[in-house]
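This report concerns only the one structure given below.
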2 protein chains.
Amino acid sequence: MLYAGFMSAVLPSVPAPQEPVGHPELVQLGAALGGDEPCLRADAARNRARLLEAAARLVAERGAEAVTMEAVAAEARVGKGTVFRRFGDRTGLLTALLDHSEKKFQASFLSGPPPLGPGAPPVERLRAFGCAMLRRSAEDLELQLAAEPCAPRRFTNPARSVLRHHVAVLLRQAVPEADCELLSHALMGQLDPALIHHLTKQCGLPMVRLEDAWTDLVDRVTGTAPTR
Amino acid sequence: MLYAGFMSAVLPSVPAPQEPVGHPELVQLGAALGGDEPCLRADAARNRARLLEAAARLVAERGAEAVTMEAVAAEARVGKGTVFRRFGDRTGLLTALLDHSEKKFQASFLSGPPPLGPGAPPVERLRAFGCAMLRRSAEDLELQLAAEPCAPRRFTNPARSVLRHHVAVLLRQAVPEADCELLSHALMGQLDPALIHHLTKQCGLPMVRLEDAWTDLVDRVTGTAPTR
DNA sequence: ATCAAAACCGGACCGTGGTCCAGTTTTCTT
DNA sequence: AAGAAAACTGGACCACGGTCCGGTTTTGAT
């Protein structure tokens, strides 16, 4: 039970809007993984269910991009404001939709059987984790993407492409036997502006640590001896 | 001159909207890195300049999030439609703003002096590239983020955090001497749903290749001998 | 200089995400 | 059981991104 302190993270999301009293979705904190609806008012719980149901129906019938806040509200015979009060924003709603499969996945690597769950050596668990996640992503990819509006643009962006391609070329010179095209994506992940921002501004990490981590990553990936 | 075929990528972006005749920004293709404005009509070029100037003024005075298409149009004394015709969408405008520094950066590692530019061994170039990019990102971070709307949410997302933390824990068991917190970000980069989607749906890569790349990455990062 | 076609301008218009608050329903207290 | 407080509802409202098209300007051929 390693992640005991992270139970809250198993919940949908809703980054705590400016609610006067305890935010509905946040109260689930007490409800653990067992039950689903917590101390919601009767009608609120009913509407929540109807909304999720309506959203699921929409995504099934007309694709994830048809999941418009208004459309969901209409489909569930509920006011628009209710949707926002319940889920915070569009992302929150989509996240809630993904929540069930998310919980299952988390359970499988937190307490499931090896090699995904505890029991196997860490490296094997890592391998299994990646493959499991790849497969899982393939399933409800549409929702995952819909929950992250600007997702596709990140990789079709020409400027970003040039940078990544440059890394791929250098990698091919350094480790010709590897799948440098894909490896370059992993490296670029560590240089993503959004990540930089999150780590430096929000987490307060010093720049030098990022630089060290980068050179270390390069050394590991290329099999170079760490020269320091 | 390795990237000759990628010159187009040096340009802002504007993923080719449904323009009847050659799209303005796309015509720059002929203008290489030297000149700035290509075969734009006189008034169009004038307005383009005024728009960029106005946008820069806005971001300087009131921050990047004040760069609203309407605001820019108003500030430049120009119709809203003009902004969209010129830059396609908000992202296009922001990208155009970043274009200058982008070109400079690209030039520095494509044809600049070593170790960033050609001449140094690839691994050293990789190291230099990462650090350069980190520094560059720190500069105009605000714009970079503004150009990618949903950027911050990616890392504050609780579900994603749990997954990443799990990877970090496993990594610490496998390579205790490394900065596993940061390393885990690189690994997770390879499992990003948006990337999966791009590679499988858009590029048509088979799933198995992604899986192989993942296990290979894990092996490299943990220093495990590739057992296959 | 003149004229037609091509390119461009501007602002009205739409859909969507998100906010707000008056009125209603539920829950709690006594 | 009754009444007050807390919580919830729903739809009017706003801002912004993006589309469209009638009217204007530029271009280039004659």
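Need the full-extension length gain, B:Arg62 to B:Cys203, defined as separation in residues times 0.36 nm minus the C-alpha distance. One decimal, nm. Could you put the intermediate results ahead of the total?
Values: separation 141, 0.36 × 141 = 50.76 nm, distance 3.99 nm.
Taking 0.36 nm per residue and subtracting the Cα distance, the gain is 46.8 nm.
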*With all protein chains present, calculate the accessible area of B:Cys131 using a 1.4 Å probe and round the result to the nearest 10 Å².*
20 Å²
_Placing the label point 7 Å from Cα along the Cα-to-Cβ direction, what are the distances from B:Ser108 to the equivalent spots in the other copies, shortest first, in nm to one decimal?_
4.4
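Using a Förster distance of 25 Å, how high is the FRET efficiency between A:Asp89 and B:Ala138, based on the Cβ-Cβ distance and rounded to 0.05? Intermediate results must be reported in sequence, preceding the final value.
Numbers: r = 29 Å, r/R0 = 1.17.
Efficiency for this residue pair is about 0.30.
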*In Å², rounded to the nearest 100, what is the total accessible surface buried by chains B and A against each other with a 1.4 Å probe?*
8600 Å²
_What does the net charge come to around A:Ala66 if you take all other residues with beta carbon closer than 12 Å to its beta carbon, with K and R at +1 and D and E at -1?_
-3
*Entries in A:Lys104/B:Lys201; A:Lys80/A:Lys201; A:Lys104/A:Lys201; A:Lys80/B:Lys80; A:Lys103/B:Lys201 that, when Cα-Cα distance is taken, lie over 31 Å*: A:Lys80/A:Lys201; A:Lys104/A:Lys201
*Counting Lys and Arg as +1 and Asp and Glu as -1, what is the net charge of the other residues whose Cβ lies under 14 Å from the Cβ of B:Leu182?*
-4
_Heavy-atom SASA rank of A:Asp89, A:Asp216 (probe 1.4 Å, accessible area, largest first)_ = A:Asp89, A:Asp216
_Give me the inter-chain shielding for A:145-151: mean count of other chain Cβ atoms within 10 Å, whole number please._
6
*Beta carbons within 10 angstrom, averaged per residue: use that to sort the peptides B:64-77, A:186-199, highest first.*
A:186-199, B:64-77
_Shielding by partners - mean other protein chain Cβ count within 10 Å, residues of A:171-178_ = 3
*Taking a label point 7 Å from Cα toward Cβ, how far is A:Pro176 from its twins in the other copies, in nm, shortest first?*
3.9
*asked:* Which one, A:Val167, A:Pro115, A:Thr215, is farthest towards the positive end of the dipole of the range A:74-220 when Lys and Arg carry +1 and Asp and Glu -1 on their Cβ?
replied: A:Pro115
*Sort shortest first the distances from A:Ala60 to its counterpart in every other copy, using label points 7 Å along the Cα-to-beta-carbon line, and give them in nm.*
5.7
*What is the distance in Å between the Cα centres of the range B:151-179 and the range A:105-148?*
13 Å
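Rounded, prolate or oblate: which fits the range A:153-222 when a ≥ b ≥ c are the square roots of the eigenvalues of the alpha-carbon gyration tensor, with rounded for a/c under 1.5 and prolate only if a/b beats b/c?
Taking the square roots of the gyration eigenvalues as a ≥ b ≥ c, the range A:153-222 is oblate.
Once the piece of chain linking B:Ala107 and B:Thr156 is laid out straight, how much longer is it, given 0.36 nm per residue of separation minus the C-alpha distance between them? Don't skip to the answer; put the middle values down first.
On the way: separation 49, 0.36 × 49 = 17.64 nm, distance 3.40 nm.
Stretched fully, the B:Ala107-B:Thr156 segment lengthens by 14.2 nm.
The values are calculated or read from the model by the stated rules, or taken from the named source; none is laboratory data. Everything numeric here is computed off the predicted structure, so don't read it as measured data. Please note: Cβ atoms are built from the backbone with ideal geometry, for glycine as well, and neighbour counts cover all protein chains shown. What goes into the accessible areas is simple: the full protein's heavy atoms, side chains included, and nothing from ligands, DNA or RNA. Shrake-Rupley method; radii C 1.70, N 1.55, O 1.52, S 1.80 Å.
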